[in-house]
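S.K.: Pasting in a structure now, in structure tokens, and then I'll have a few things to ask.
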Amino acid sequence: MARFFVPASLLKQSECILTGDNAAHAKVMRLRAGDNITLCDGEGHECTAQITAVSGGAYSLQLGETKESSSEPFCRASVYMAYAKSDKIDHVVQKATELGAAQIVLFPSERCVSRPDAKSLKNKLERWQHIALSAAEQSGRGCIPQVLTCESYEEALTRAAQADTFFFFYENERQRSIGAILQDEKPRTLSLMSGPEGGFESSEVEQAFAAGAHVCTLGPRILRCETAPLCALSVCMFALGEYD
């Protein structure tokens, strides 16, 4: 069933009209009177609506009962990714949304090749947020992940450390693993931090230890910077029972 994200106020009504980009999307999908769609407020609430009429590019809807979305994970996972080339971030934002991430947070680190300036970052953030919106619609999410940035590595560490469990992935770690730690912990909030193309500096790893992170391995192979966060998120979701 087609899914559309709308303002929360619309879900409180018995009837509403779908306009703008949503109406244009409905037209592309060739939706007609009598078709059912899902309306979602992007905050975990949704309802089924029936198209009652189509006129002048607008879709009149009859709304059903609002309920909690059943597609959102129990654990709120935030993916922290060091800046990389834009196309790599595009990929991670899209796939992390599909896998259930609540946030994607981008930050600078010592070995980052890409360091967007404030002007270009504004446009990039708008694009990344739109990618998250489209991926949330396609994958049936009840929430749209936020795409955020931190001005410094230290700020990212401080923010990530606020989660119940904070994983920091380092290619030279060989002992600690996600599965071993999640056997004993069932977090409601989770932070997953991975590095740029060149990995983390040893001093950055020490800072992560000091911030209370679980410094972990993602296996014996070296993963690309766009692969590591998606691998980590998938493993965590599996370990927490989200694929059962």
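S.K.: Send over a whole-number figure in Å² for the accessible area per residue of region 1-104, probe 1.4 Å.
M.R.: I get 50 Å² per residue for region 1-104.
S.K.: Can you compute the modelled spin-label distance between residue 183 and residue 202, with each label point 7 Å from Cα toward Cβ, in nm?
M.R.: Each label point is offset 7 Å from its Cα along the Cβ direction, giving 3.1 nm.
S.K.: What does the charge add up to near residue 49, with Lys and Arg as +1, Asp and Glu as -1, over the other residues with Cβ less than 12 Å from its Cβ?
M.R.: -3
S.K.: Another one. Each residue of region 178-187 in order: what ³J(HN,Hα) in whole Hz does its phi give by Karplus 6.51 cos²θ - 1.76 cosθ + 1.60, θ = phi - 60°, with x for Gly and Pro?
M.R.: Coupling constants for region 178-187: 4, x, 5, 6, 6, 5, 9, 10, 10, x Hz.
S.K.: Relative to the longest principal axis of the chain, what angle (0 to 90°, nearest 10) does the C-alpha long axis of helix 118-139 take?
M.R.: Roughly 60 degrees between the two axes.
S.K.: Which residues' amide hydrogens lie under 5 Å from the amide hydrogen of residue 223, considering only partners 5 or more residues apart or on another chain, with H built in the peptide plane?
M.R.: none
S.K.: Same structure, new question: Ordered by residue, what ³J(HN,Hα) values in Hz, to whole numbers, does region 239-244 give under the Karplus form 6.51 cos²θ - 1.76 cosθ + 1.60, where θ = phi - 60° and Gly and Pro are x?
M.R.: 5, 8, x, 6, 9, 6
S.K.: While we're on this one: Considering only protein heavy atoms and a probe of 1.4 Å, how much of the accessible area of the chain is carbon and sulfur, as a whole percent?
M.R.: 48 percent
S.K.: Give the residue list of GluC sites (Glu not before Pro) in region 1-106 that are DSSP loop and have at most 12 other beta-carbon atoms within 10 angstrom.
M.R.: 65
S.K.: Using a 1.4 Å probe, what is the accessible area per residue for region 157-211, in Å²?
M.R.: Using a 1.4 Å probe on heavy atoms only, each residue of region 157-211 averages 50 Å².
S.K.: Under a crude label model (7 Å from the Cα following the beta-carbon direction), how far is residue 120 from residue 21 in nanometres?
M.R.: Spacing of the two 7 Å Cα→Cβ label points: 2.3 nm.
S.K.: Could I ask something else about it? Find how much the distance from residue 127 to residue 30 grows on full extension, using 0.36 nm per residue of separation minus their present alpha carbon separation; answer in nm with one decimal.
M.R.: 32.3 nm is the gain from fully extending residue 127 to residue 30.
S.K.: Say each of residue 113 and residue 65 gets a label point 7 Å from the Cα, pointing the same way as Cα to Cβ; how far apart are those two points in nm?
M.R.: For residue 113 paired with residue 65, the spin-label model returns 5.4 nm.
S.K.: How large is ³J(HN,Hα), in whole Hz, for each residue of region 191-207 in order, when computed from phi with the Karplus curve 6.51 cos²θ - 1.76 cosθ + 1.60 and θ = phi - 60°, using x for Gly and Pro?
M.R.: Calculated HN-Hα couplings, in order: 10, 10, 10, 10, x, x, 3, x, x, 8, 6, 4, 5, 5, 5, 4, 5 Hz.
S.K.: Non-local amide H neighbours of residue 45 (under 5 Å, H modeled in plane, Pro and chain starts lacking H): which ones?
M.R.: 69
S.K.: Stretched out fully, how many nm does the piece from residue 164 to residue 222 gain, at 0.36 nm a residue minus the Cα gap?
M.R.: 18.2 nm
S.K.: As a test, work out the antiparallel percent of DSSP beta bridges whose residues both lie in the chain, rounded to the nearest 5.
M.R.: Antiparallel: roughly 40 percent of the beta bridges in the chain.
The values are calculated or read from the model by the stated rules, or taken from the named source; none is laboratory data. Please read all numbers here as calculations on a predicted model, not as lab measurements. Cβ coordinates were reconstructed from backbone atoms using ideal geometry, including for glycine residues, and neighbour counts include every protein chain displayed. We work out accessible area using only protein heavy atoms, side chains counted, and drop any ligands, DNA or RNA first. Shrake-Rupley method; radii C 1.70, N 1.55, O 1.52, S 1.80 Å.
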